[in-house]
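Quick notes on the structure that follows.
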Amino acid sequence: MDIKDPFDHPDLGRRFSGKAALVTGAAGGIGRATAIRLAAEGASVWCADLDGDGAAATATYITERGANARSSQVDVTDPVACNGLVSSVVAAFGGLDVLGNIAGIGGSRHTLEETPERFQAMMAVNAAGPFYLCVAALPHLLERKGNIVNLASTAGIIGQAYCAAYCASKHALVGLTRALALEFGRSGVRVNAVCPGGVNTGIIANFAPPEGASMSLISRSFLTRDMQEPESVAAMIAYVASDEAYYVNGAVLSIDGGTTAG
Ligand SMILES: NC(=O)c1ccc[n+]([C@@H]2O[C@H](COP(=O)([O-])OP(=O)(O)OC[C@H]3O[C@@H](n4cnc5c(N)ncnc54)[C@H](O)[C@@H]3O)[C@@H](O)[C@H]2O)c1
């Protein structure tokens, strides 16, 4: 089923009725699709992104369809801003049930041409940002037995040539997910990672093989089917974040057309 707009599918259910969600990266791509999916299923959704106008546009899209959403500009690499963001969400919605760490950056490059600045930026956005938000959100998630979904990647499961910095950052995010799942699972908070392969979003243009790349080294990452749409990943995130997935904790779930199957 191709669900372009979940608001057109009331039969999807209301798994998030009465719940509050914070979604980063909500200006576009997977984050936007996730915010819309959770809202269509009843959640109050806070849309956060470095692109504040884009986040506001997503929130407007949701409110125009009769659901509840707010938005703000945030740089997830700033721990003070992350604390402030979670406080704003809790003040507005009365608590927090779902944290979706979707914001991310990435790109491919010959590793010998990689720079410390780019490496540090990927670690900051893809690993440190989610860490700051998890720490800020966990006291509230513990109160409501909520959960966290971290958007990793196939690059968090397997190595990918010419993507050393991105792979390092997404493996770090998977490690963070597993450690938190162990530490907080018995207290009722689940933490999981969703790992897509090729999704039709803006970031994909950064992953073209660099000039002179050996195609034999990257053929394994090629998909067996066409690229998926962000709504496909949003549907998996919605399942993982819902109470239906009550026994899913510390899971690293691939949605990649089989890329990491072997
Ligand atoms: N598209 C794919 O093929 C693919 C595959 C696997 C994983 N992912 C991951 O999915 C996530 C979403 O990416 P997407 O594909 O939707 O691409 P995207 O570029 O459309 O979305 C990424 C969003 O993150 C935001 N962002 C970047 N830096 C930020 C910061 N410092 N603070 C707050 N927001 C910031 C951007 O403004 C953008 O809206 C990323 O973590 C990405 O690594 C994407």
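Would you check which residues across the stretch 180-217 are in contact with a Ser or Thr (Cβ under 9 Å, 6 or more places away or on another chain), within 21 Å of Val252 (Cβ to Cβ), of a type outside the set (S, T, N, Q) and more than 8 Å from the ligand (Cβ to nearest atom) and list them? Residues satisfying the conditions are Val191, Ala193, Val194. With the structure loaded, tell me whether Ile218 is out of contact with any helix residue (DSSP H, G or I) (no Cβ under 8 Å at 6 or more places or on another chain) and either surrounded by fewer than 20 Cβ atoms within 10 Å (Cβ to Cβ) or at pLDDT below 95 (or both) or whether it fails that test. So Ile218 passes the test. Would a scan of the stretch 220-228 turn up a residue that is within 12 Å of the ligand (Cβ to nearest atom), touching a Cys at 6+ places or on another chain (Cβ under 7 Å) and over 27 Å from Ala35 (Cβ atoms)? Checking the stretch 220-228: not a single residue is within 12 Å of the ligand (Cβ to nearest atom), touching a Cys at 6+ places or on another chain (Cβ under 7 Å) and over 27 Å from Ala35 (Cβ atoms). Kindly provide the set of residues from the stretch 97-117 that are in contact (Cβ under 8 Å) with a residue 40 or more places away in the chain and among the aliphatic types (A, V, I, L, M), ordered by number. Within the stretch 97-117, Val98, Leu99, Ile102, Ala103, Ile105 qualify.
Residue under question is Ala261, and the condition is that it be in contact with a Lys or Arg (Cβ under 9 Å, 6 or more places away or on another chain) and over 22 Å from Lys4 (Cβ atoms); does it hold? The answer is no for Ala261.
A single member of Ala213, Ala205, Ala172, Ala179 is modelled with pLDDT under 95, assigned to a helix (DSSP H, G or I) and surrounded by fewer than 24 Cβ atoms within 10 Å (Cβ to Cβ), and it is Ala205. Taking residues in the stretch 31-58 that are under 19 Å from Ile3 (Cα atoms) and within 15 Å of the ligand (Cβ to nearest atom), and partners anywhere that are modelled with pLDDT of 95 or more and acidic (Asp, Glu), the pairs with Cβ atoms closer than 9 Å and at least 6 places apart or on different chains are Gly31/Asp49; Arg32/Asp49; Ala33/Glu229; Ala33/Glu231; Ile36/Glu231; Arg37/Glu231; Thr58/Asp49.
The values are calculated or read from the model by the stated rules, or taken from the named source; none is laboratory data. These figures come from a predicted structure and were not determined experimentally. Cβ: placed from backbone, ideal geometry, glycine included. Neighbour counts: every protein chain shown.
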